[in-house]
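**Student:** Here it is: the structure, laid out below.
The values are calculated or read from the model by the stated rules, or taken from the named source; none is laboratory data. For clarity, every value in this text was computed on a predicted model and none was experimentally measured. Positions of Cβ are generated from backbone atoms using ideal geometry, with glycine treated the same way; all protein chains shown enter the neighbour counts.
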Amino acid sequence: MNTNILNFIVTLFLAFIFSVFLPWWSVMLAAFVSAILFSLKGLKVFLIPFLAVFLFWTGYAFALANGNEFTLAKKIAILLPLDGNPYLLILVTGIVGGFAGGIAGIFGKQCQALVKK
């Protein structure tokens, strides 16, 4: 299997498992671990964990918000400059999580390179 797809699946799986037991930063731990296990090169070091965590957080936020008909998401979107749009809030949530995962992936790759030397 391609290492890009494998890294994506492992990051997504670990993010889901870790988020059950750990706080919000567990997605960073998932991206870090998968970057150490599966070596990526170039821009993919950031993009693959970014997309995995982005999809996870967007889907999870949508599922949580949909459970209460987006009531809390609408109220939070009013507090932020999002014009009360809960879907935009979910998108911003995914982007923030994606950046956290992407940066953790870069850090994992750098730690892997440090250990190999």
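**Student:** Determine, yes or no, whether F62 is part of a helix (DSSP H, G or I) and farther than 27 Å from L114 by Cα.
**Tutor:** So F62 passes the test.
**Student:** Of the residues that sit in the range 1-42 and are under 14 Å from A100 (Cα atoms) and β-branched (V, I, T), which one is surrounded by the fewest Cβ atoms within 10 Å (Cβ to Cβ)?
**Tutor:** Among those residues, the one meeting the criterion is V33.
**Student:** Among the candidates F21, F70, F56, F38, single out the residue that is aromatic (F, W, Y) and at pLDDT 95 or above.
**Tutor:** F56
**Student:** Shifting gears a bit: Just to be sure, is A52 surrounded by 14 or more Cβ atoms within 10 Å (Cβ to Cβ), closer than 16 Å to N4 by Cα and touching a Lys or Arg at 6+ places or on another chain (Cβ under 6 Å)?
**Tutor:** Details: surrounded by 14 or more Cβ atoms within 10 Å (Cβ to Cβ): yes; closer than 16 Å to N4 by Cα: yes; touching a Lys or Arg at 6+ places or on another chain (Cβ under 6 Å): no.
In short, no.
**Student:** Check the range 75-90 and report whether any residue there is more than 19 Å from T3 (Cα to Cα), in contact with a Gly (Cβ under 8 Å, 6 or more places away or on another chain) and surrounded by fewer than 18 Cβ atoms within 10 Å (Cβ to Cβ).
**Tutor:** yes
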